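The values are calculated or read from the model by the stated rules, or taken from the named source; none is laboratory data. Note that the coordinates shown come from a computational prediction; the quantities given were computed from them, not determined experimentally. So basically every Cβ, Gly included, is an ideal-geometry build from the backbone, and we count neighbours across all protein chains shown. Keep in mind that these areas ignore ligands, DNA and RNA; they rest on the heavy atoms of the full protein, side chains included. Shrake-Rupley method; radii C 1.70, N 1.55, O 1.52, S 1.80 Å.
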Amino acid sequence: MRFNPVVAPNRGRLIAPLNLLLALGFVFAGCSKPTSKVYRFDAPENEASRLVYAQEAYEQGVQQILAGELDAARQNLETATRLDPNHGRGFNNLGWVYYRQGRFYHAARAFQAAGRLLPDHAAPLSNLGLTMAAAGRWDDAVEFQNRALELDPDNTRYRNRLAFAQVKRGDRLASLRTLLETVLFHATADDWSRWAQALLEQIDRS
């Protein structure tokens, strides 16, 4: 399944988990070869220098995500967000790392911070919905996917995630026919096609 990042101005890109499984596949422009370097939380006292240091830690963390070095990425992204508490993309990427590590409480807090700092971006909301789903909180998962769709109503991934959350929550399948038909129509991955088709067939048999 292809990863389609949300591109935002300044400070890199937003990283969003994809569909039911996490996938990652973008090139961070301007980054050099990933290393295991970890930035320590001992930045200069000068604010401008501190923000530069935070950005360097952030970019290093993104490189390490791409290289699969999640522990090092977490440390660098934690440093970046502590030094620059307004770094919305840093919080979003940190939430992704926590999510991958199964630390859902920490992931939710990071995505909430990203959502506050990036109120016009849907990705942190959808990511928060995925985190709620992973924790089995289906009402919350539905709420956050709906909020993400309000900001980005044509986003196929968010629509798929909403449908999945509503099915897992136990909503009547018949009430989801239109949504499932839309998922099937726009499906770009076989997993989603088979899933939606099987549920629509179940509705027809009932």
* Can you spot a residue in segment 153-161 that is touching a helix residue (DSSP H, G or I) at 6+ places or on another chain (Cβ under 6 Å), part of a helix (DSSP H, G or I) and open to solvent by 80 Å² or more (accessible area, probe 1.4 Å)? -> no
* Asked: Is there a residue being among the acidic types (Asp, Glu) and either outside any helix (DSSP H, G or I) or at pLDDT below 95 (or both) anywhere in segment 80-87?
  -> yes
* **All positions within segment 55-111 that are open to solvent by 20 Å² or more (accessible area, probe 1.4 Å) and either touching a residue at least 40 places away in the same chain (Cβ under 8 Å) or touching an Asp or Glu at 6+ places or on another chain (Cβ under 7 Å) (or both)** => Gln55, Glu59, Leu66, Arg82, Arg89, Tyr99, Arg100
* To do: Within segment 112-148, track down each residue that is open to solvent by 60 Å² or more (accessible area, probe 1.4 Å), among the charged types (D, E, K, R) and part of a helix (DSSP H, G or I).
  => Arg116, Asp139, Glu143, Arg147
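To keep it simple, each residue is scored yes or no on (1) in a loop (DSSP other than H, G, I, E, B); (2) within 25 Å of Gly136 (Cβ to Cβ); (3) at pLDDT 95 or above; (4) open to solvent by less than 60 Å² (accessible area, probe 1.4 Å).
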{"position": "Phe164", "(1), (2), (3), (4)": "no, yes, yes, yes"}
{"position": "Val167", "(1), (2), (3), (4)": "no, yes, yes, yes"}
{"position": "Phe185", "(1), (2), (3), (4)": "no, no, no, no"}
{"position": "Asp191", "(1), (2), (3), (4)": "no, yes, no, no"}
{"position": "Arg194", "(1), (2), (3), (4)": "no, yes, no, no"}
